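Comments concern the structure below.
The values are calculated or read from the model by the stated rules, or taken from the named source; none is laboratory data. Here the structure is a predicted model, which is why all the values come from computation and not from measurement. Here the Cβ is made from the backbone with ideal geometry for all residues, glycine too, and neighbour counts use every protein chain on show. Accessible surface is based on the protein model in full, side chains and every heavy atom, while ligands, DNA and RNA are left aside. Shrake-Rupley method; radii C 1.70, N 1.55, O 1.52, S 1.80 Å.
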Protein chains: 2
Amino acid sequence: LTVLCTLVLVAVTATIIALSPQCLSWWQSSPVYQIYPRSFQDSDQDGVGDLKGIQNRLDHFVYLNVKAIWISPFYKSPMKDFGYDVEDFREIDPIFGTMEDFDNLLSSMHDRGLKLIIDFIPNHTSDKHVWFQRSRNGTEKYKDYYIWKDCESVNGTMTKPPNNWVSVFGNSAWQFDTVRGQCYLHQFLKEQPDLNFRNADVLKDMTDVVRFWLEKGVDGLRMDAVKFILEAEHLRDEPQVNPQQNPENITSHSELYHDYTESQVGLHVILQGWRQVMDEYSTEPGRYRFMVTESYDYEEIGRTMMYYGTSFVQEANFPFNFYLLDLPESLSGRACYDLVKLWMSNMPKGYWPNWVVGNHDNPRIASAVSRKYVNVINMLLLTLPGTPTSYYGEEIGMENIAVSEDQIQDPFGKFDPSENRDPFRSPMQWDSSPNAGFSEANKTWLPVHPEYQTCNVMMQRNDSSSPLALYRTLTALRDSELSLHRGWVCLVWSDADVFAYVRELDGLSTAFLIVLNLGNGSTTDLTAVVPELPREASVRVSTLPGSKKTVSLAAIKTERGEGLVLEYHTRQPIHEVSRFRENCFVSEKACYFSALGILYKNC
Amino acid sequence: LTVLCTLVLVAVTATIIALSPQCLSWWQSSPVYQIYPRSFQDSDQDGVGDLKGIQNRLDHFVYLNVKAIWISPFYKSPMKDFGYDVEDFREIDPIFGTMEDFDNLLSSMHDRGLKLIIDFIPNHTSDKHVWFQRSRNGTEKYKDYYIWKDCESVNGTMTKPPNNWVSVFGNSAWQFDTVRGQCYLHQFLKEQPDLNFRNADVLKDMTDVVRFWLEKGVDGLRMDAVKFILEAEHLRDEPQVNPQQNPENITSHSELYHDYTESQVGLHVILQGWRQVMDEYSTEPGRYRFMVTESYDYEEIGRTMMYYGTSFVQEANFPFNFYLLDLPESLSGRACYDLVKLWMSNMPKGYWPNWVVGNHDNPRIASAVSRKYVNVINMLLLTLPGTPTSYYGEEIGMENIAVSEDQIQDPFGKFDPSENRDPFRSPMQWDSSPNAGFSEANKTWLPVHPEYQTCNVMMQRNDSSSPLALYRTLTALRDSELSLHRGWVCLVWSDADVFAYVRELDGLSTAFLIVLNLGNGSTTDLTAVVPELPREASVRVSTLPGSKKTVSLAAIKTERGEGLVLEYHTRQPIHEVSRFRENCFVSEKACYFSALGILYKNC
Ligand SMILES: [Ca+2]
Ligand SMILES: [Ca+2]
């Protein structure tokens, strides 16, 4: 009998293992927190943040329940584009510290269970990079490392570029080089010459850079500006958006269609190759290496989705979803619904969604929209299915700073002050001490926001109604509630003011209704639209804590910028209601078997 | 002791199996023979070839040592483009027979060990296809099966097309449809509307067509006109080759750059998906399904190479290599060397080369060059590494026929008589009987070549110095000599007249030197250029049989159009000579271990 029992137990265990879904990987279960390293924490009193500073602040992430940290570039760089112009992909810029600092930071992070995502910037190098120096002086191996072309010049100044291509930052994408006597292509600054990925040696060298950082132990790569990696070899003029415009007057990136400088055939093969390399380093348990791509494709969302790869070859784990960055343009419940649905309905089956509401290239929520909406937008971010990305400071609702024209640091801002990105790169506001606890220097590289004494981490840690408290409550809720971290989402309602969705998981009776007010105060009656919902739900989280305990679904009152996570119990999942089929989505589907208390797949 | 011996034997056997390279697959070991079914054999006296006719001629392939047969389209079709305008992808056109005829043909082929490759035409259907009929009358599911766009029209005639796109056959690629009141896109004839592969249902339906024929048991698919499958969604004007040309006068395909109508991002994903389906049907031993793509990319050879897929996802087994079709333009030893090297040096590592010297879209060798060179070009084709493709009739050196303008059958020829393809589609010349044994009809769809009585299969079977005899000798030689079918090629010499290369395999002392005269009579001294070769070699095959037994490498005399396969023995492989490293290539590398008489890999 003992033998029989043992056999049965083994069989049952094997079945359970076979039916159990994989746990979510770290890049799926934790939000990603973006650090702009110049502005996070200064440790050596020079007024600029650094790696040691980040290490000193690691407890902040433990406090936030955030495990995935992405640090913007810290490589050796002349800082013409604040580190996106890399002089040496294998060295730390002295302003940020040393390689030892990096190694210490990484091991401190791993000790705390934190994962590190770093930037990989394949499109270009700094013009100070040794490859470019060797390329311009004609060293054989490096001759074709960049994109060189004959052009007309007088006294070292280009008089006629090889074609009409324009840099992202404005003006011709070509620059005459006096040493080589030819023009080179730069899709960004002239100090950022584009690498020539048609050259197999360039691809190999850049792949070696990927390997270098994976060997060091970094957990993920955020791949910068990927759509620019390849250009058409024929170098023909790009078509003008307005064919009537005088070709001589074309100076802005938006005046051309970028048919020859973006998203060329062959691009995805390169990215898939890098994913393969990352897979080689992903075999140890818990050591999965994560890949995310940056590409702004605007109305051509199909282009973005291609970075997910195909059913037979993997590419990025996800491409950054930047569509919620459009929220400030016309904030409303309906607009938010549209943006969420845009991603969910275009994302190919089997993939993992993600959401970005801010980064180093976009204004802060509190300024672009209003302080009133900081909480509700964080609630949106943290209750949607998939991986949220938060830009440093958004957890406390930091605002843009004012930067006068003569103080502009950002190279893009220098070209066009209306495009200045300094305002949303100001130092992190930690406490009420001088420089907000960011630095002990006399002067910080950008000024600290003047009102930091009323908006900082320390204050908000002591205030249970603060944005920080809400952020922390929501990240904890994500971790504890299966329906939130791998359940269905059903978009059930939107109007000018309110956007509402349900999160639920097959087999679990606990479900959530999230009601977000992105307009003005209003009362929503969901009983007619979703009669399958119960008549009442309890308030699990509110952006206005303590205001109410239960809510009647016939009259859900929300104020301007208020958000509610309502909890209820049901045996009627909304995603099974045919009316909502087109508005329900699930990734990594799993079901709960309550008798055994386990999840299973193929359900 | 017996036990020990057995164990040792088992271990040795296991090692040998582990080290043995896979045998070449059928699509690698046999030449591909292209049948234009209208012209191969007529079985029902209507003057047009048919499937039963092909079945009656299967012994020809056994005789030729050819195992892979590609038959151009035989689907139900209004024959506006001779079968490339398909009305039903799952039916046989009555002119070619019935589905029963097809099934009989396929099983007869399989009985003889022959493999069947059929055409798959994804880019367009006939305008008579039920999908198009439903699309033009607005049936919901089919509305977007084709590419429709509003356009200006007067009395049912288009007065302004949606953009400047031009059909491959000339004039606007748009056609007004009076039923739907919109314009549709046709990259080929107006009777060939382009399918809309951005519609997932279209992709699924066409994938089901692939499955249909694989289920039937066909061994391979030749995918037609693949680069045209996707177009840019924005439908913007394509750039003019000559920007000064009056846009009103653009009528020819060559007057535009096809940046929006060819090779769009996403194309390879579709093809890779079809390869995946073919893999599903390739698991039984000996039942590998072969995929070859047709795409003319001219100077952009990198585009062609992309059809091989990447190191992590397979696509075509090979894209047709059409570069040797340029041979007639400027026949010389050097030009031939350049074309061979072009492919070999651009083909990514690990892939299998292939060679095409004629097809239904290109003039016959005997006419485009001269009868003088038929043999030497067949020798080139059959001694290069990789898979050769022969167009029917080339094995006997058939010539183009003359077709007067009023007799033109080809739709492209009707648009532009200088592009008429009828001359190289004339009936196969089997024997000296009426209609060359092709048909017992009074009139054949195209005239039989008037000189068929001096150029036909029957005559050449009885003539050991005929093109047919040479072709057969060479296919047999390929089969019997390892160096030829999977060895190295080293391109050792070229001048205005002669092109010479070595075929050798590691571990085998028998090697071959192929010397081809593609110019005028000359004497070549290879002793200075390749002193590693022996001083003498024996003549294994000559296009002028019996003329000599051995040749001194110091003075290899060749006449105009003469070709020699010279055999020699050596311990000094040319591919190990550093001077030749860039001119030596190998695919499916294997080495010979003479003590055991086996091949092994990883060498
Ligand atoms: Ca680039
Ligand atoms: Ca097409």
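Quick one: order B:K115, A:K349, A:K141 from most to least accessible surface, probe 1.4 Å.
Sorted by accessible area, descending: A:K349, A:K141, B:K115.
With both partners inside the protein assembly as shown, how many of the DSSP beta bridges are antiparallel, as a percent to the nearest 5?
Around 70 percent of the beta bridges assigned by DSSP in the protein assembly as shown are antiparallel ones.
For an R0 of 41 angstrom, estimate the FRET efficiency from the Cβ-Cβ distance between A:V179 and A:E280 and round to the nearest 0.05.
0.60
Please report how far the C-alpha centroid of the range B:33-51 lies from that of the range A:363-383, rounded to the nearest whole angstrom.
The distance from the Cα centre of the range B:33-51 to that of the range A:363-383 comes to 72 Å.
Buried accessible area between A and B (1.4 Å probe, both chains summed, ligands and nucleic acids excluded), in Å² to the nearest 100?
Counting protein atoms only, the buried area is about 1500 Å².
Could you pull out every residue, at least 5 positions away or on a different chain, whose amide H is within less than 5 Å of the one on A:K115? Hs are placed 1.01 Å off N in the peptide plane, and Pro or chain starts have none.
The list, which skips near neighbours in sequence, is A:A68, A:I69.
Collect residues whose amide H, placed 1.01 Å from N in the peptide plane, falls under 5 Å from the amide H of B:V492; neighbours closer than 5 in sequence don't count.
Amide H to amide H, under 5 Å and 5 or more residues apart or across chains, B:V492 pairs with B:A500, B:Y501, B:V502.
May I ask you to evaluate 6.51 cos²θ - 1.76 cosθ + 1.60, the Karplus curve with θ = phi - 60°, for each residue of the range A:106-113 and list the ³J(HN,Hα) values in order in whole Hz, giving x for glycine and proline?
Rounded to whole hertz, the list is 4, 6, 4, 5, 4, 4, 8, x.
Skipping prolines and chain starts, which residues have an amide H placed within reach, meaning under 5 Å, of the one on B:L256, given they are 5 or more residues away or on another chain?
Counting only residues 5 or more places away or on other chains, the set is B:V241.
In sequence order, what are the phi-derived ³J(HN,Hα) couplings for the range B:357-364 according to the Karplus relation 6.51 cos²θ - 1.76 cosθ + 1.60 with θ = phi - 60°, rounded to whole Hz, with x for glycine and proline?
Listing the rounded values in order: 10, x, 6, 6, 10, 9, x, 6 Hz.
Looking at this model, which pairs from A:K372/A:K557; A:K349/B:K216; B:K160/B:K204 are more than 24 angstrom apart at the alpha-carbon?
Flagged as over cut-off: A:K349/B:K216; B:K160/B:K204.
Roughly how tilted is helix B:2-19, in degrees to the nearest 10 and between 0 and 90, from the longest Cα axis of chain B?
The helix B:2-19 is inclined about 50 degrees to chain B.
Calculate the length of the line joining the C-alpha centroid of the range A:266-286 to that of the range B:204-238, in whole Å.
29 Å
Within 10 Å, Cβ to Cβ, of B:W165, how many net charges do the neighbouring residues add up to if Lys/Arg are +1 and Asp/Glu are -1?
Result for the neighbourhood of B:W165: -2.
What average number of partner chain Cβ atoms lie no more than 10 Å from the Cβ of the residues making up A:261-270?
Shielding by partners across A:261-270 averages 3.
On alpha-carbon atoms, Rg over Rh for the protein assembly as shown using Kirkwood Rh?
1.01
Just to confirm the numbers: A:L235, label point 7 angstrom along the Cα-Cβ line, distances to the other copies in nm, shortest first?
3.5
In degrees from 0 to 90, rounded to the nearest 10, what is the angle of the helix B:374-383 Cα long axis to the longest principal axis of chain B?
It is inclined by approximately 70 degrees.
Say R0 is 60 Å: what FRET efficiency, to the nearest 0.05, do B:V8 and A:L544 get from their beta-carbon distance?
Calculated transfer efficiency: 0.15.
In whole angstrom, note down how far apart the Cα centers of the range A:523-599 and the range A:107-127 are.
With the range A:523-599 and the range A:107-127 each reduced to a Cα centre, they are spaced 38 Å.
If you wrap a convex hull around the alpha carbons of the range B:467-603, what volume per residue comes out, as a whole number of Å³?
Per-residue hull volume (Cα only) is 112 Å³.
Give the list, by residue number, of cysteines in chain A with no other Cys Cβ closer than 4.7 Å, or say none.
A:C5, A:C23, A:C336, A:C455
Using a label point 7 angstrom from Cα along Cα-to-C-beta, what distances in nm, from shortest up, separate A:N442 from the other copies?
For A:N442, the inter-copy label distances come out at 11.1 nm.
To the nearest 10 degrees, how steeply does helix A:467-480 sit against the main Cα axis of chain A, on a 0 to 90 scale?
Computed tilt is about 70 degrees.
Strictly over 32 Å apart at the Cα level, which of A:K52/A:K414; B:K227/B:K414; B:K76/B:K227; A:K52/A:K143; B:K115/B:K414 would you flag in this model?
Flagged as over cut-off: A:K52/A:K143; B:K115/B:K414.
Apply the Karplus parameterisation 6.51 cos²θ - 1.76 cosθ + 1.60, with θ equal to phi minus 60°, to every residue of the range B:154-163 and state each ³J(HN,Hα) to the nearest whole Hz, in sequence, with x for glycine and proline.
The phi angles translate into 10, 6, x, 10, 5, 9, 8, x, x, 7 Hz.
Using square roots of five times the C-alpha gyration tensor eigenvalues, list the equivalent-ellipsoid semi-axes of the range B:253-331 in whole Å, biggest first.
Ellipsoid semi-axes (Å, largest first): 27, 18, 9.
Within the set of other residues whose C-beta is less than 12 Å from the C-beta of B:D44, count the net charge using Lys and Arg as +1 and Asp and Glu as -1.
Computed value for this residue: -4.
Taking every DSSP beta bridge that has both residues in chain A, what percent is antiparallel when rounded to the nearest 5?
If I count the DSSP bridges inside chain A, around 70 percent turn out antiparallel.
Within the set of other residues whose C-beta is less than 12 Å from the C-beta of A:R334, count the net charge using Lys and Arg as +1 and Asp and Glu as -1.
-2
From the label point of A:S465, set 7 Å along Cα to the beta carbon, how far off in nm is each other copy's matching point, shortest first?
Relative to the other copies, A:S465 has label-point distances of 10.9 nm.
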